[in-house]
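The values are calculated or read from the model by the stated rules, or taken from the named source; none is laboratory data. It should be emphasised that the depicted structure is a prediction, and the values quoted were computed from it without experimental measurement. Virtual Cβ from ideal backbone geometry, glycine too; neighbours counted across all protein chains shown.
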Amino acid sequence: MSHIHFIGGEKGGVGKSLVARLLAQYFIDRGTPFVGFDTDRSHGALLRFYADYAAPAVLDQHDSLDPVMEAAVEDPERRVVVDLAAQTQASLATWLDDADVFAFASEHGLTLTWWHVMDSGRDSVDLLRQWLDQFGGRIKLVIVLNEVRGERFEILEASGERERAESLGASVMTLRRLPDTTMQKIDRQSASFWAAVNHPDRAATGLGLLERQRVKVWLNRAYAELDALAV
């Protein structure tokens, strides 16, 4: 059975592309075949960091995401990762409705998962509420609490939306914080997470021995959570 992972959250800057990159590296390290689709016109992270595995899928036409489903049907053993740009949820919703994608997925044995990536702000909570109003219970949901973008999620906990999501079957994953300077060095070099951990040439990644170790620990912790989710 093929799994399609939509990495969303609607708001810009919450770390959607970071989660897409993490999933890409996870599948590579686990030896799981996958293909990525990048919907960001100007800052496509999958196309930048994992170009050998990714293709563009700009949401500017009614059939822009059709190749996503076709890729999943063509190879049931392959995972599909879709990195959604900010403010694309309306286009995605139209595509899901017009093609009755949920029925198509059921017919072809496809598992659809929405990854709602959140920072610690109120906007992310409001967007989660809107997503649950529209899609809650219709598609598998993973809420990603991205500590890289904020470590305290009191607004979410007080809102009741986490409990509501979990009552509808959602899972919750915490993405631990990685120092900003370390992440900036990785991004500056357009390095994959594999290169950040394993490349011995400091000039290639900008990372010293202990920084590489921090990235390794961060990845291992994230991988443990992904293992528990059985992605």
| message | Taking the criterion of being within 30 Å of ALA93 (Cβ to Cβ), of a type in the set (A, V, I, L, M) and modelled with pLDDT of 95 or more, would at least one residue in the stretch 212-221 satisfy it? | response | no
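Could you look through the stretch 135-157, keep only residues that are among the aliphatic types (A, V, I, L, M) and farther than 20 Å from VAL231 by Cβ, and pick out the one that is farthest from the chain's Cα centre (by Cα)? Outline the logic, then answer.
Going residue by residue through the stretch 135-157, those that are among the aliphatic types (A, V, I, L, M) are 139, 141-145, 148, 155-156.
Narrowing further to those that are farther than 20 Å from VAL231 by Cβ: 155-156.
Values: ILE155: 22, LEU156: 19 Å.
The extreme case among them is ILE155.
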| message | basic (Lys, Arg) and in contact with an Asp or Glu (Cβ under 6 Å, 6 or more places away or on another chain): which single residue out of ARG202, ARG188, ARG177, ARG164 fits that description? | response | ARG177
| request: Please determine, by comparing only the residues of the stretch 41-52 that are modelled with pLDDT of 90 or more and surrounded by fewer than 17 Cβ atoms within 10 Å (Cβ to Cβ), which one is nearest to ARG188 (Cα to Cα). | output: ARG48
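Let's see how each residue does on (1) in contact (Cβ under 8 Å) with a residue 40 or more places away in the chain; (2) crowded, with 20+ Cβ neighbours inside 10 Å:
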residue: ALA72; (1), (2): yes, yes
residue: GLU77; (1), (2): yes, no
residue: VAL81; (1), (2): yes, yes
residue: ALA103; (1), (2): no, no
| The one condition in (1) surrounded by 17 or more Cβ atoms within 10 Å (Cβ to Cβ); (2) of a type in the set (A, V, I, L, M); (3) at pLDDT 95 or above that LEU96 fails to fulfil | (3)
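Quick check: is even one residue across the stretch 28-40 farther than 27 Å from TYR223 by Cα and either crowded, with 22+ Cβ neighbours inside 10 Å or in contact (Cβ under 8 Å) with a residue 60 or more places away in the chain (or both)?
no
Filter the stretch 173-207 for residues that are of a type outside the set (Lys, Arg), part of a loop (DSSP other than H, G, I, E, B) and in contact (Cβ under 8 Å) with a residue 40 or more places away in the chain; which is surrounded by the fewest Cβ atoms within 10 Å (Cβ to Cβ)?
Step one: of the stretch 173-207, the residues of a type outside the set (Lys, Arg) are 173-175, 178-184, 186-187, 189-201, 203-207.
Narrowing the set further to residues that are part of a loop (DSSP other than H, G, I, E, B) leaves 178-179, 189-192, 199-201, 206-207.
Then keep just the ones that are in contact (Cβ under 8 Å) with a residue 40 or more places away in the chain; that gives 178, 190-192.
Working: LEU178: 20, SER190: 12, ALA191: 19, SER192: 21.
The selected residue is SER190.
Across the stretch 83-110, what is the number of residues that are outside any loop (DSSP other than H, G, I, E, B) and out of contact with any Ser or Thr (no Cβ under 7 Å at 6 or more places or on another chain)?
Just the residues of the stretch 83-110 that are outside any loop (DSSP other than H, G, I, E, B), to begin with: 83, 89-98, 101-107.
Checking the rest, the ones that are also out of contact with any Ser or Thr (no Cβ under 7 Å at 6 or more places or on another chain) come to 89-98, 101-107.
Of the residues in that region, 17 qualify.
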